[in-house]
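Since the structure comes first, as structure tokens, the remarks are kept for the end.
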Amino acid sequence: MQKREKRILEYFLKNKKILERLLRQDRPSVVRIHKMRVAVRRLRAVIWMKRQEVDLPALRYGDQSLKKLAKALGPTRELQVALVDAREMRMDTVGLREKLSKAITKSMVYLHSPRQIGLLMERLERLQRALEVTSVSRARKVNRRLRKDVNKAFKNTTRDIHPLRICVKRVRYCFEAEGLQTGGLADLQGTLGEIHDLEVLQRFVGTKKVIKNRVRKLRGQALRQAPKVLRFLRKEVLKARSLKQAPLRSHGD
């Protein structure tokens, strides 16, 4: 197994272990839901990378189960963050609390389902075995796809930043999996995530001046961060070559 494949496998195993530990917990806390979603994103980034290189059923089925888990957790996470933001802005939170209670119930039904969680664990084990025996390494192919996604996402940042947010997350976690520096990707992802959270809150409570002002400020911040990130990506991604940089020592969420 090549060094690149070993790094990717280690990254997968680390996040698989984190997800398994979190699934054994019972309380639907904000931190637990957030960490589960981050672990799922990182695992799916590994799957996405490997699916660019080789077509294996284990990759496809593993991604399907992780996607279901992400979907089950999504509404709860959105409402948890919306409630925190609403309290910070001194808004009425009665409606949000009611919606959150219902979302938590639905999430816990999924998390307490032996069939769903058992299937997820089984597919992750199969995926692990597939990664352990797969020696295919096509970094250039992954790089070409990332280059295409980056070009598309950064093209119309003034109109729609949602594709940019998705792209930044994918590139960041792919870089992490390969043990590469991530430049300003984490900061830009954080800003774009805050904008998304406020837009979700606005969907629940309606248009509010305080939300619009904060979104406008954050969009300006994101547009200032984006050129720096794009310069970094032009250096590391837009070149049709294998990715080579110093390894990271630690990663944030």
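Computed quantities for the displayed model
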{"item": "Residue list for the range 158-192, restricted to those being crowded, with 17+ Cβ neighbours inside 10 Å, touching a residue at least 60 places away in the same chain (Cβ under 8 Å) and not in a helix (DSSP H, G or I)", "result": "ILE161, GLU178, GLY179, LEU180, THR182"}
{"item": "Check on LYS16, under 30 Å from ASN143 (Cα atoms) and surrounded by fewer than 22 Cβ atoms within 10 Å (Cβ to Cβ)", "result": "yes"}
{"item": "Residues satisfying the stated conditions in the range 218-230, i.e. among the charged types (D, E, K, R) and surrounded by fewer than 12 Cβ atoms within 10 Å (Cβ to Cβ)", "result": "ARG224"}
{"item": "Verdict on PHE175 being of a type outside the set (A, V, I, L, M), assigned by TED's automatic domain parsing to the domain that holds PHE232 and more than 15 Å from the chain's Cα centre (by Cα)", "result": "no"}
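The values are calculated or read from the model by the stated rules, or taken from the named source; none is laboratory data. Fair warning: this is a prediction, and the values are worked out from it, not measured in the lab. When we count neighbours, we look across all protein chains shown, and the Cβ atoms used for this are built from the backbone with ideal geometry, even at glycine.
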